[in-house]
Amino acid sequence: MTRGRFAFIIGCIGLLIGGAEVLRSPDVSASIVAASMLATMLRFATPLTLGALAGLLCERSGVANIAIEGMMLSAAFGAFLGAAVTKSLLIGVLAGMAVGVAMATLHAWLSVSLRVDQIVSGTVINIMAAGITGFLSTEVVRRQALVGAGLLPALRIPVLADLPVVGPVFQQQPIAWMALLLVPLTHLVIFHTPWGLRLRSVGELPRAAHAAGISVIRTRYTAVMIGGAIAGIGGAYFTLESVPAFEPLMTNGRGFIALAALIFGGWTPAGAWAASLLFGAANALHINAQQFGIPVPAQIVGMFPYLLTIVILAGVIGRVSPPAAVGTPYEAD
Amino acid sequence: MTVGGGSVLGIPPSSEGYVLEARGLTKRYGSVIANKEVQFGVRRGEIVALLGENGAGKTTLMNMLFGMTAPDAGSVLIDGGPVRLQSPRDALALGIGMVHQHFMLVPPFTVAENIALGVEPSRRGILDLSDLEAQITALGRRFGIDIDPRALVKDLSVGQQQRVEIIKALYRGARVLILDEPTAVLTPQEADDLFKVLRGLAHEGTGIVFISHKLREVLDVAHRIVVMRRGAVAGEVLPRDATPESLASLMVGRDVLLRVEKAPSVPGNPVIVVRELVVNDDRRVRAVDGVSLSVRTGEIVGVAGVQGNGQTELVEAITGLRATQSGSLHLGERDLTRATVRERTDAGLAHIPEDRQRHGLVLPFTVAQNMILNRYYRLPFSRWMVMQAKAMRDQARDLVGRFDVRPANPEARVGSLSGGNKQKVIIARELSRDVRALVASQPTRGVDVGSVVFIHGALIAARDAGAAVLLVSAELDELLAVSDRILVMFRGRIVGEVEAATATREEIGLLMAGGVGRVIVPATN
Amino acid sequence: MTQAVRARLIGGLIPSLAIVTALLIGGVIIWASGPRIDGPWFGIWFVVEAYQALIEGAFGSRAATIDTVLRMVPYVFTGLAVMVGFRGGMFNIGAEGQLAVGALASAWVGFTVTSLPLVIHLPLVLLTGCLAGAIWGGIAGLLKARTGAHEVITTIMLNYVGGQLAAYLLNGVLRDRSPLNVIAQTPKVAETARLPDLVPGLHSGVILVIGVAVLVWFVLWKTTTGFELRMVGINPDAASYAGVNVVRRMTWAMGVSGMLAGLAGAVQVAGVNYRSTLGFNVGYGFDSIAIALLGRNTVSGVVLSSILFAALRTGATKLQFRTQISTDIISVIQALVLLMIAADQIIRWIYRIGPAQTEADPVAASTAPVADSESGR
């Protein structure tokens, strides 16, 4: 992650918020636009950040992950079910994490142990998650008339949360805080710990790691499973922080956008977080365009992050390259 | 105690004092026996050369001694006691270090990070490389290896990367150091520096196993030479009792003619004419820097040089696989500088590529399909864009016989063939048509001796039929034996030209290292 | 030769066993979800009853069979689309988006042009759909070939761009302005833009789909274009060595892939819905991948898998009606089939079939879906 890329992303966010300010109709006050842009952006960015961090751990170990969507969707269901059955939101979050880890373990088993094509394995998980959660939500949830256990309460930092405009930043729900905490934590682990060094070596040149006495298989399993736990927290966001219910396919492609954020951010935690915020800002503009009286069609704004991702991938604005070994199963012999 | 089967030349080998020893190691891959009851050992302070052809099983043996591959039978002993090496981790812990043929260094990491990998120093869970960096510098000073611990590996030269590998093994406390073909990527002068380092290490008590297929350097540096052939130990000799010829015959199992029989060349008009060619490599760094050369009908021009001095890029530019920055290429009168691969093929240019698995063949396709890769779009193989299966089969049946491809089954998948037979498929395809010029890059790499003889014969036959042949090879002996003239490349330039008949290895070696040779000929046109 | 026969037998055996195994596991799930009544035979009877309902729902009557065939048509088109991508070495996750833009474009030509005879208008509508899909897919191919941008990501992104574009157009210039319309959809296309019925209720797109399947088979396995495409798919370096223009061939492969998906959209517009509605494309992306994988990237395999998937989806309604089991059970069964196809080691282990012959065919073994074979019928 270069500083330039980070600055570019932050600049894009500024451009979106600034654009909203410039284009807003005179009936809407500048501070309302800023506050609601900020709040929506943060809300939307939470699952993206968590999903991107999940993918980051996985891909840094050399396992491609297009299954973030499926992991988050099944975790959303697991979290809902856990909380609804036990009436404990904390157990709900833990259940979500457990389901995330379970799906991640399946991905690791298929792509690391059985050496199935990693994209195919991801596709299997996505289809499986959609099928199983859809089936269980009608068979178990609706039939037993399970009701959600409510939403996680917002934690506010006194004084700061009362500030105008930036107040929402200091008043967020626990999973949103956790996402913010996990960004520097992941950075620390990946770039400044022995395990992180091993993880990156496995993702770049696994035979070098193997020759240095590191178990490629175990490292990949660990990374994918920790990623699954983080995706699980991201999934719990949907049913424990956003709405207190499970709807089939409720992640609605957010896992794929998280993947885009991961690429956009050049496979670094800070970059992925910034990119998540950018996608959040674009979504905020998309949702609020009408309310702010912005004359640009919402759908055109909505295309922006995806087009930008394609442009980034094509190397128009500085090339990013994935970890060298992503997509290649490792064979010891 | 004697080691069975190892005393062909009358030296009774003894396992006494071995730091590292292999006893009856056997390894099979499917139906292929890679190692068969191999006995081998190295003592403290001893440099043992493990000599053998490509595919003789040297690398397999070393991988077993280093715990990367599990043997099917036999045992590994350290200090006389049997050990079970389940992974390189075990080998490292027991003091075995290895410098692989393909370096095991992570390119985006620093030197220190690479050396730390697996034994990372940390403080309260956080990576802390400052002490390690000091140690690397100290180790380097002790053995005369100058290296910056904070440099990124991807910015280092190949020779420097090799030193990082050696330091890495020493830092891990290696008592035995295994080097797999360490000179393949070095200039003769760099190789001499490496030998100096190795002698110093041996002097301090490290046991060194040195894998090579180059006779001269083995005689030069080793205290003892173990020769492998077809997966088994063929013999063991001391350098003072051996000559290159005796080693060669031990290596291939019969007396070999190092000279290739051929008539003097009768060169005609220039066919391949390259002028001031400039080509960039994948990293957009200039790899070929103003090369001019010409190859006439009826001659073989060899290109010598240490790997990575622009030969690959030169070949790719001539054959159309890589874009040129400036300069020109003509085939006879025709300007092919901007021509597509297809246009070059149609103009009569044939190409035996350096990496046959990657470029020359489509492995899951059949032999018959691979034999039409350069002509599938033409009659009789396709008519109105529809493939003609019968024409393809008929041709394949013919070529399989003429070029002695085994098994002689056109429907076999090429991926299932041996290296030598794969190469024969390529040669059959490239030379079984009207060829004006042939570019052959490392045509005998990794093939058995029988195929080598066949391939050299095919190159000379193409020459005698009037083709202009450009032969790029890393094997000086091959170049000297097959070529008529030899050009030497260094850092993207042709730095000299010698007559193959009169040139010496030393002369070429000096040129390969960028020194000034006897004859410096500017572009011949 | 016998080896080839054996390989082909196993090639067909594994998908069949995967389907049987998935249905067995599905049966256990149905049994577990069914009513708890004493006696072991009731559970078995219940499962049999459920699958009987499934079969009846798919093929039990003329209307049911027509329904299944109608569902099959877009599956074959999109399955072939994904297959062509795979054979060219590319993973097209974007069939959904390509189908959407194809439907959108063909609907547009279908309702705005009104004064043409059917023999001109209908082909025009279908070709417009093809073209739109081809552009949408071709972009991903071109970016991959020219810049190395991974097609998996670009096609996913293009799905979203396509989705937003559809939302914009269907809520704007292409929206049906009639006062009765409350959803984002186009007006109905002209009569001249509709595929005539083959038999009542079954449009003639069925003929088209058979023709296209044969054409795809012929092009891939009998022409130089197909030879080049498969070469690029297995080993692009060798292809460029052989003089193939790899950039053009990759773009072509994704373009044709997108074209087939776009044609799926156009045929749905011209034959079934007579209009394009926002979101009707959802689900085709992953279903088509599953179909191509289950069909082992062969034309006959894709057609058979499409029939299976269509029958499961169509029969699910009757299964739900008779047993109260959610139609989502079908998605679970499909996921299980795909899991066991992707990891055929599972099937080989359960049924004690020997391992794949990897040493003869290293490339094919490492990239199973891209594996080439001459048995691509």
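The values are calculated or read from the model by the stated rules, or taken from the named source; none is laboratory data. Owing to the predicted nature of the structure, the values given are computational and were not obtained by experimental measurement. Don't worry about glycine lacking a Cβ; one is built from the backbone with ideal geometry, like all the others, and counts go over all protein chains shown. Just so you know, the surface numbers come from the protein's heavy atoms only, side chains and all, with ligands and any DNA or RNA stripped out. Shrake-Rupley method; radii C 1.70, N 1.55, O 1.52, S 1.80 Å.
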| query | If you go through the stretch C:274-300, how many residues are small (Gly, Ala, Ser), in a loop (DSSP other than H, G, I, E, B) and crowded, with 24+ Cβ neighbours inside 10 Å? | reply | 2
| Residue count for the stretch B:401-414, restricted to those that are within 14 Å of another protein chain (Cβ to nearest Cβ) and over 18 Å from B:Arg445 (Cβ atoms) | 6
| In this structure, does A:Thr309 turn out to be hydroxyl-bearing (Ser, Thr, Tyr), crowded, with 17+ Cβ neighbours inside 10 Å and within 12 Å of chain C (Cβ to nearest Cβ)? | yes
| task | Take C:Ser16 and decide whether it is in contact with a helix residue (DSSP H, G or I) (Cβ under 9 Å, 6 or more places away or on another chain) and either open to solvent by less than 10 Å² (accessible area, probe 1.4 Å) or polar (S, T, N, Q) (or both). | result | no
| message | Condition first: surrounded by fewer than 23 Cβ atoms within 10 Å (Cβ to Cβ) and part of a loop (DSSP other than H, G, I, E, B). Can you find one or more residues in the stretch A:274-294 that meet it? | response | yes
| request: Select from the stretch C:234-254 the residues that are open to solvent by 10 Å² or more (accessible area, probe 1.4 Å) and assigned to a helix (DSSP H, G or I) and list them in ascending order. | output: C:Ile234, C:Pro236, C:Asp237, C:Ser240, C:Tyr241, C:Val246, C:Val247, C:Arg248, C:Arg249, C:Met250, C:Thr251, C:Trp252
| said: Can you confirm whether B:Asp477 is touching an Asp or Glu at 6+ places or on another chain (Cβ under 8 Å), in the same structural domain as B:Gly327 (by TED's automatic domain parsing) and either more than 23 Å from B:Val435 (Cβ to Cβ) or modelled with pLDDT of 90 or more (or both)? | reply: no
| request: Collect the residues in the stretch A:1-39 that are in a helix (DSSP H, G or I), open to solvent by 30 Å² or more (accessible area, probe 1.4 Å) and charged (D, E, K, R), keeping them in residue-number order. | output: A:Arg3, A:Glu21
| Qualifying positions in the stretch B:53-78 - modelled with pLDDT under 90 and at positive phi | B:Gly55, B:Gly57, B:Gly67
| query | Scanning the stretch C:328-339 for residues that are over 11 Å from A:Glu139 (Cβ atoms) and open to solvent by 10 Å² or more (accessible area, probe 1.4 Å), which turns out farthest from the other protein chains (Cβ to nearest Cβ)? | reply | C:Leu336
| query | Are any of the residues in the stretch B:266-288 over 23 Å from the mean Cα position of the chain (by Cα), more than 28 Å from B:Asp355 (Cα to Cα) and either modelled with pLDDT of 95 or more or of a type in the set (Asp, Glu) (or both)? | reply | no
| task | Please work out which residue is farthest from the other protein chains (Cβ to nearest Cβ), limiting yourself to the stretch B:373-388 and to residues that are touching a Lys or Arg at 6+ places or on another chain (Cβ under 8 Å), surrounded by fewer than 24 Cβ atoms within 10 Å (Cβ to Cβ) and hydrophobic (A, V, I, L, M, F, W, C). | result | B:Phe381
| request: Return yes or no: is B:Leu139 under 18 Å from B:Gly231 (Cβ atoms) and at pLDDT below 90? | output: no
| Of these, B:Arg163, B:Arg172, which one is within 10 Å of chain A (Cβ to nearest Cβ), open to solvent by 30 Å² or more (accessible area, probe 1.4 Å) and basic (Lys, Arg)? | B:Arg172
| note | Being in contact with an Asp or Glu (Cβ under 7 Å, 6 or more places away or on another chain) and within 12 Å of chain C (Cβ to nearest Cβ) narrows A:Gly131, A:Gly122 down to just A:Gly131
| Conditions: (1) within 14 Å of chain C (Cβ to nearest Cβ); (2) assigned to a helix (DSSP H, G or I); (3) open to solvent by 30 Å² or more (accessible area, probe 1.4 Å). A:Ser137 meets all but one. Number of the miss? | (3)
| request: Those residues that are at pLDDT 90 or above and open to solvent by less than 60 Å² (accessible area, probe 1.4 Å), I need them from the stretch B:142-160; list them, please. | output: B:Pro149, B:Ala151, B:Leu152, B:Val153
| remark: Filtering the stretch B:271-325 for residues that are small (Gly, Ala, Ser), open to solvent by 10 Å² or more (accessible area, probe 1.4 Å) and closer than 22 Å to B:Asn374 by Cβ leaves a count of 2
| said: Here are the criteria: (1) surrounded by fewer than 22 Cβ atoms within 10 Å (Cβ to Cβ); (2) at pLDDT 95 or above; (3) away from every other protein chain (no Cβ under 11 Å). Tell me which single one A:Leu188 does not satisfy. | reply: (3)
| From C:Thr155, C:Thr192, residue being touching a His at 6+ places or on another chain (Cβ under 8 Å), in contact (Cβ under 8 Å) with a residue 12 or more places away in the chain and assigned to a helix (DSSP H, G or I) | C:Thr192
| field | Count - residues of the stretch A:302-333 that are under 26 Å from A:Arg3 (Cα atoms) and in contact with a helix residue (DSSP H, G or I) (Cβ under 9 Å, 6 or more places away or on another chain) | value | 22
| query | All but one of (1) assigned to a loop (DSSP other than H, G, I, E, B); (2) touching a strand residue (DSSP E or B) at 6+ places or on another chain (Cβ under 7 Å) hold for B:Ile427; which doesn't? | reply | (1)
| field | Matching residues, the stretch B:341-368, being part of a helix (DSSP H, G or I), more than 7 Å from chain C (Cβ to nearest Cβ), open to solvent by less than 20 Å² (accessible area, probe 1.4 Å) and closer than 23 Å to B:Leu329 by Cα | value | B:Arg344
| request: May I ask you to say which residue of B:Asp90, B:Asp146 is in the same structural domain as B:Gly231 (by TED's automatic domain parsing), of a type outside the set (Lys, Arg) and free of Cβ contacts under 8 Å to residues at least 60 places away in the same chain? | output: B:Asp90
| query | Pick from A:Arg142, A:Arg115: which is within 14 Å of chain C (Cβ to nearest Cβ) and either among the hydroxyl-bearing types (Ser, Thr, Tyr) or free of Cβ contacts under 8 Å to residues at least 12 places away in the same chain (or both)? | reply | A:Arg142
| task | Residue by residue through the stretch A:197-230, note down the ones that are open to solvent by 30 Å² or more (accessible area, probe 1.4 Å) and more than 10 Å from every other protein chain (Cβ to nearest Cβ). | result | A:Ile217, A:Arg218, A:Tyr221, A:Thr222, A:Met225, A:Ile226
| In this structure, does B:Gly457 turn out to be away from chain C (no Cβ under 14 Å) and either in a loop (DSSP other than H, G, I, E, B) or touching a strand residue (DSSP E or B) at 6+ places or on another chain (Cβ under 9 Å) (or both)? | no
| message | For the structure I just gave you, tell me whether C:Arg230 is under 30 Å from B:Val386 (Cα atoms), open to solvent by 10 Å² or more (accessible area, probe 1.4 Å) and within 14 Å of chain B (Cβ to nearest Cβ). | response | no
